[in-house]
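Participant: Here it is: the structure, laid out below.
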Ligand SMILES: Cc1cc2nc3c(=O)[nH]c(=O)nc-3n(C[C@H](O)[C@H](O)[C@H](O)COP(=O)(O)OP(=O)(O)OC[C@H]3O[C@@H](n4cnc5c(N)ncnc54)[C@H](O)[C@@H]3O)c2cc1C
């Protein structure tokens, strides 16, 4: 029976395996995962009545891929929408104070968070029509060009922190924010593009929000990866840390070696682990390809999960949480108010918060011990949310090299990687390093790749027989 190896059992690898199993009959699909459990960055935990996430917090339905996959997996009953009022109320820490972020164009034009100059630049953005094919630039430079420095600093910088834990002056707007790039290209302006998107959404989903609804599951996002693993079959998932891959020309097989010296051969090899792992595995097979993939950098994060007695938190937790613009020079990136976002995350009389630390502005935080990280977070929460008491529930999770950074010209790099891969029929790469880091992007890209692989395999099989 032909064999397919998928190296890495995160949401990308699991979705790919699930779809390939549907498309390819009589093929043995093996997921090789270096950790004891699958899920990658997605991991949900239950402890002392709290339900907490160590990685992502939810997915939006503005791209329906994950929602549709969840329904197909039979998880409709377990889906949990975020509290809409909380999801809309997001805060920024500006001048040491929490300030509500406007959630609409009208809100942006009336908020006291922005100066009149900044508001005028938003109002006049539509007249700066520009439909040309522009070269890539950082999302900060893009925002500066379209709406000025104040908005780039106050709104765009923390937005990039919230998604990439990255530096807005380095992250590519075309790769990191393709919707914005498409709006500028197709409509000549972001305001015109947003208006068109709102109109389209009203037609396809009357009353729905154009920015999308945020979702998780009653027991956390791990529900999704657990269900995928179940469908892929537990016996097809193996603890195996891939260290090396070579192609045997005689048998036309991919030989994958593990870190314990074991090796196995496959007809198709797909790498869905992080880029730096892919590069290490590919080094002996194609050095140029490996070097290209290795040049995608990553940022590290520490996630500090805290349970408080409600009475110890003096401010009302009505909202999603807050982000900190880098110009504020604070020690943490932001805080999510998890028990306000989703129901059932904290036992009665308590609340659950998550602070994000590290990223491009404070990479050293991730190397501190738990106690030191916690102390820094407590100090920040004292200043921003006036919380004096320490939490009675605490978990510190370190994600070393957690989030790929799409630097300016990232898309060009991806095209070069795709070109080099055409020299190796039967070898594929996927995962969050290439075309989107959100869960939705990972699901969508894995699904597209599954179609591509099954087409290739049908043709290759015909040629062999
Ligand atoms: C703290 C945090 C918060 C986030 N929040 C959100 C959010 O709210 N919403 C959202 O949409 N996205 C969010 N993201 C991004 C999203 O979670 C990730 O981009 C996505 O889960 C990545 O999935 P993946 O399968 O591509 O990679 P991963 O989840 O990294 O999976 C890769 C797998 O490969 C395995 N592996 C590595 N090396 C090897 C090897 N040599 N051999 C075998 N296996 C190997 C790993 O153990 C891992 O299981 C967040 C990410 C982080 C870190």
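The values are calculated or read from the model by the stated rules, or taken from the named source; none is laboratory data. What you see is a predicted model, and the numbers here were worked out from it, not measured in a lab. Cβ placement follows ideal geometry from the backbone for every residue including glycine, while neighbour counts extend to all protein chains displayed.
Participant: Regarding the stretch 384-392, can at least one residue be identified that is away from the ligand (no atom under 16 Å from the Cβ), free of Cβ contacts under 8 Å to residues at least 12 places away in the same chain and out of contact with any strand residue (DSSP E or B) (no Cβ under 9 Å at 6 or more places or on another chain)?
Facilitator: no
Participant: Then there's this: Which of (1) surrounded by 16 or more Cβ atoms within 10 Å (Cβ to Cβ); (2) touching a residue at least 40 places away in the same chain (Cβ under 8 Å) is the odd one out, the single condition residue 102 does not satisfy?
Facilitator: Condition (2) is where residue 102 drops out.
Participant: Could you check the stretch 234-257 and list, in sequence order, the residues that are without any contact (Cβ under 8 Å) to a residue 24 or more places away in the chain and touching a strand residue (DSSP E or B) at 6+ places or on another chain (Cβ under 9 Å)?
Facilitator: 248, 251, 253, 255, 257 - these are the residues of the stretch 234-257 that are without any contact (Cβ under 8 Å) to a residue 24 or more places away in the chain and touching a strand residue (DSSP E or B) at 6+ places or on another chain (Cβ under 9 Å).
Participant: Do you know which residues across the stretch 70-89 are in contact with a strand residue (DSSP E or B) (Cβ under 7 Å, 6 or more places away or on another chain) and at pLDDT below 95?
Facilitator: Once the filter is applied, which keeps residues that are in contact with a strand residue (DSSP E or B) (Cβ under 7 Å, 6 or more places away or on another chain) and at pLDDT below 95, the stretch 70-89 yields 87, 89.
Participant: Among 77, 125, which is the only one that is without any contact (Cβ under 8 Å) to a residue 60 or more places away in the chain and either over 30 Å from residue 383 (Cβ atoms) or surrounded by 18 or more Cβ atoms within 10 Å (Cβ to Cβ) (or both)?
Facilitator: The match here is 77.
Participant: Which of the residues belonging to the stretch 331-358 are part of a loop (DSSP other than H, G, I, E, B), within 20 Å of residue 154 (Cβ to Cβ) and within 15 Å of the ligand (Cβ to nearest atom)? Can you show your working first?
Facilitator: Here is the first cut: in the stretch 331-358, the ones part of a loop (DSSP other than H, G, I, E, B) are 331-333, 337, 342-349.
Filter once more, so that each one left must be within 20 Å of residue 154 (Cβ to Cβ): 331-333.
Hits for the stretch 331-358 are 332, 333.
Results for (1) more than 18 Å from the chain's Cα centre (by Cα); (2) part of a loop (DSSP other than H, G, I, E, B); (3) buried (at least 18 other Cβ atoms within 10 Å of the Cβ), shown as yes or no for each residue.
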position	(1), (2), (3)
434	no, yes, yes
444	no, no, yes
456	yes, no, no
462	yes, no, no
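Participant: Can you name the number of the only condition in (1) within 11 Å of the ligand (Cβ to nearest atom); (2) in contact with a helix residue (DSSP H, G or I) (Cβ under 6 Å, 6 or more places away or on another chain); (3) more than 27 Å from residue 169 (Cβ to Cβ) that residue 440 fails?
Facilitator: Condition not satisfied by residue 440: (3).
Participant: Select from the stretch 399-431 the residues that are in a loop (DSSP other than H, G, I, E, B), within 13 Å of the ligand (Cβ to nearest atom) and either touching a strand residue (DSSP E or B) at 6+ places or on another chain (Cβ under 6 Å) or more than 15 Å from residue 13 (Cβ to Cβ) (or both) and list them in ascending order.
Facilitator: 405, 406
Participant: Next question, about the same structure. I'm trying to understand the selection: among the residues of the stretch 359-374, which are assigned to a helix (DSSP H, G or I) and surrounded by 13 or more Cβ atoms within 10 Å (Cβ to Cβ)?
Facilitator: 363, 365, 366, 367, 370, 373, 374
Participant: Separate question: Would you tally the residues in the stretch 40-74 being closer than 17 Å to residue 218 by Cβ and surrounded by fewer than 17 Cβ atoms within 10 Å (Cβ to Cβ)?
Facilitator: So the count comes out to 6.
Participant: Please verify whether the stretch 290-297 includes one or more residues that are touching a residue at least 12 places away in the same chain (Cβ under 8 Å) and under 30 Å from residue 380 (Cβ atoms).
Facilitator: Yes.
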